[in-house]
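Heads up, the thing below is written out as structure tokens.
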Amino acid sequence: MFDLMREALSFLPQDLVTVLVIISKITIIATPILLSVAYITLLERKVIGYMQVRIGPNRVGPRGLLQPIADGLKLIMKETIIPTKANRVLFILAPVLTFIPAITAFAVVPFDYEMYLSDVDASLLFILAITSMGVYGIIIAGWASNSKYAFLGALRSAAQIVSYEIAMGFALVGVLIAAGSLNLIDIVRAQEGSMLHWYWIPLFPLFVIYYLSGVAETNRAPFDVAEGESEIVAGFHVEYSAMTFSIFFLGEYTAMILISLLTAIMFMGGWLSPFQGIPMLEEMFAFVPGIVWLLAKAFIFLFLFIWFRATYPRYRYDQIMRLGWKVFIPITIVWLLVVGVALLVDLGPWFD
Amino acid sequence: MLENYFPVLVFIVMGAIFGGAPMIISMLAGPSKPDDEKLSPYECGFEAFEDARMKFDVRYYLVAILFIIFDLEIAFLFPWAIVLDEIGWFGFIGMFIFLLILVIGFIYEWKKGALEWE
């Protein structure tokens, strides 16, 4: 498809064509993400609705299917309020700063054997680095708003995010030990074999900690003290309205999709078929493209995000910090040593 | 090698556009009827007083410092994790001693109550 595009545009300078091809690839990746963010909001409201024996949105379009579009239009048509006391430049910049890291991380996410934007050798390092930048947007939003609630919310969020970032980083190191590569494509290839070759078995504690840290990192329930409505109204984005608010929202949901995809890639075999290595079923499902498996796995984790929100009451702040520092970090450090030993003694089907 | 990073750079620029463009459209499309009350910082039931940029708990600062130490440690572990298979037991024991020193520091923090939030 892109070769065709290159040919059709061959009258343009070569470099320009390359840039155009990259831009169209990015559009192909980013548009479905933004659309799925819109529909995850609907899914979330529907699922939580049914879990609470309600119906959820059902007025706009058939079964409420046009609700996200109506919401988006409404948010665009609302007034953008910039408080007089706020620092205007930073106030506007902050939402974009939380959104860019979340979406840019998709540049190195492999969707299938040959389906990725760029094959960067240090892709996991890149993801660790770029997702860490997200906290700046939150701090800047809280500070620039010049409002007490925003300031407190930003401090809480930032402290929570950086705490869980450590547990997350340690979990990533475990994956690196097992796969011996920073490249996400190589990490998936290293899990080839069967469902039992995936890293969720040897790295099980790291898998659970990575996912839960991801929930805490995105400030989702039950770790959403930063925006505990009854306490500090909405946390760092209390002063934001209209589209400036929605960009925060977009960033948060994009980060959720990213965490789900990364969990699927690093611990659940990415695009590999779950029936690999099982005689009959493998051939039966051979026609399913890898991206379908990847998206199906990621969807399970996305659904868990929503399920958690409907099930668990909010944690208290000191409990959150205790879980991050006193439970997750010690467990990850111990398990890193376990994985290191397992690698050096060439344990099982995973570390040969 | 480096050309692999070029799409990433383009993606960052595109990300800024995806984030910035809706905000600009919304500012142009939405109404703009500011008044004093609407533009004042949020407060519940009374006029906002004091500067919002107030003193805050030193523990947030402490968390930030601890974060730097541990994050550096992770950055330090990354190359080690990749080549562990090649450097074998020698590399493992070397890193074990390094981690041990850090864990001693961690236990000290813990006992000192730096991780307590009441």
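The values are calculated or read from the model by the stated rules, or taken from the named source; none is laboratory data. Since the structure is predicted, the reported quantities are computational estimates derived from the model, not experimental observations. Glycine also receives a Cβ, built like all others from the backbone with ideal geometry; neighbour counts cover every protein chain displayed. When the accessible area is computed, the model is the full protein with side chains, heavy atoms only, and any ligands, DNA or RNA have been set aside. Shrake-Rupley method; radii C 1.70, N 1.55, O 1.52, S 1.80 Å.
Quick notes on this one:
- A 1.4 Å probe over all protein chains sorts A:284, A:321 by accessible area into A:284, A:321, starting with the largest.
- A viscosity of 0.890 mPa s and a temperature of 25 °C, combined with the Kirkwood radius over C-alpha pairs in the Stokes-Einstein formula, give the range A:194-352 a diffusion coefficient of 137 µm²/s.
- Farthest toward the positive end of the dipole of the range A:49-208, out of A:200, A:77, A:90, is the Cα of A:77, where the dipole comes from beta carbon charges about the Cα centre.
- Between 0 and 90 degrees, the angle of helix B:6-29 with respect to the longest Cα principal axis of chain B falls at about 20 degrees.
- Full extension of the chain between residue A:288 and residue A:35 gives 88.8 nm of extra length, using 0.36 nm per residue less the Cα-Cα distance.
- The residue list B:23, A:287, A:345 was ranked by how far each Cα lies along the charge dipole of the protein assembly as shown toward its positive end, using unit charges on Cβ atoms, and B:23 comes out on top.
- Dipole check for the protein assembly as shown: with +1 at the C-beta of Lys and Arg, -1 at the C-beta of Asp and Glu, and the Cα centre as origin, the magnitude is about 1300 Debye.
- Once the Cα atoms are used to define both axes, helix B:58-112 deviates from the longest principal axis of chain B by about 40 degrees.
- Length added when fully stretched, residue A:281-residue A:1, from 0.36 nm per residue minus Cα-Cα: 97.6 nm
- Cleavage-rule hits, chymotrypsin sites (Phe, Trp or Tyr not before Pro), the range A:1-99, DSSP coil, Cβ neighbours within 10 Å at most 10: A:11
- Selection of trypsin sites (Lys or Arg not before Pro), the range A:46-137, meeting DSSP coil and at most 10 other Cβ within 10 Å: A:59
- Contact order normalised by residue count of the range A:211-286, Cα under 8 Å, 6+ apart, percent: 22
- Within chain B: Cβ-based charge dipole about Cα centre, in debye rounded to nearest 20 (Lys, Arg +1; Asp, Glu -1): 180
- Pairs beyond 30 Å (Cα-Cα), from A:46/A:297; A:148/B:111; A:46/A:326: A:148/B:111; A:46/A:326
- Spatially proximal lysines relative to residue A:74 (Cα-Cα < 19 Å; intrachain offsets below 8 disregarded): B:33
- Of the residues B:41, B:84, B:103, the one whose Cα sits farthest towards the positive end of the charge dipole of chain B is B:84 (charges of +1 on Lys and Arg Cβ, -1 on Asp and Glu Cβ, taken about the Cα centre).
- Partners for residue A:85 among aspartates and glutamates (Cα-Cα distance below 20 Å; same-chain residues under 8 apart left out): A:239, B:35, B:36, B:37, B:43, B:47, B:50, B:51
- Counting every alpha-carbon pair across the range A:114-215, the share separated by more than 18 Å comes to 58%.
- Given chain B, longest segment not containing exposed loop chymotrypsin sites (Phe, Trp or Tyr not before Pro) (DSSP; at most 16 other Cβ within 10 Å): B:57-116
- Hull-based mean projected area of the protein assembly as shown, where the convex hull spans the alpha carbons, in square nanometres: 26.1
- DSSP H segments from chain A that extend 30 Å or more along their own axis, Cα-based, with Kyte-Doolittle mean of 0.0 or above: A:14-51, A:148-179, A:242-267, A:290-311
- Share of carbon and sulfur in the accessible heavy-atom surface of the protein assembly as shown [1.4 Å probe, %]: 71
- Taking every protein chain into account, the 1.4 Å probe leaves residue B:32 with about 90 Å² of accessible area, to the nearest ten.
- Top of B:79, B:34, B:22 by mean-square fluctuation, Gaussian network on chain B, Cα under 10 Å: B:22
- Per DSSP, loop trypsin sites (Lys or Arg not before Pro) in the range A:253-352 with at most 12 further Cβ within 10 Å: A:316
- For chain A, averaging the sequence separation of C-alpha pairs within contact (under 8 Å, six or more residues apart) and dividing by the residue count gives a relative contact order of 21 percent.
- Rg of the Cα atoms in the range B:2-112, relative to 2.2 N^0.38 Å, amounts to 1.89.
- Exposure rule at most 13 other beta-carbon atoms within 10 Å, DSSP loop trypsin sites (Lys or Arg not before Pro): chain B longest free segment: B:56-118
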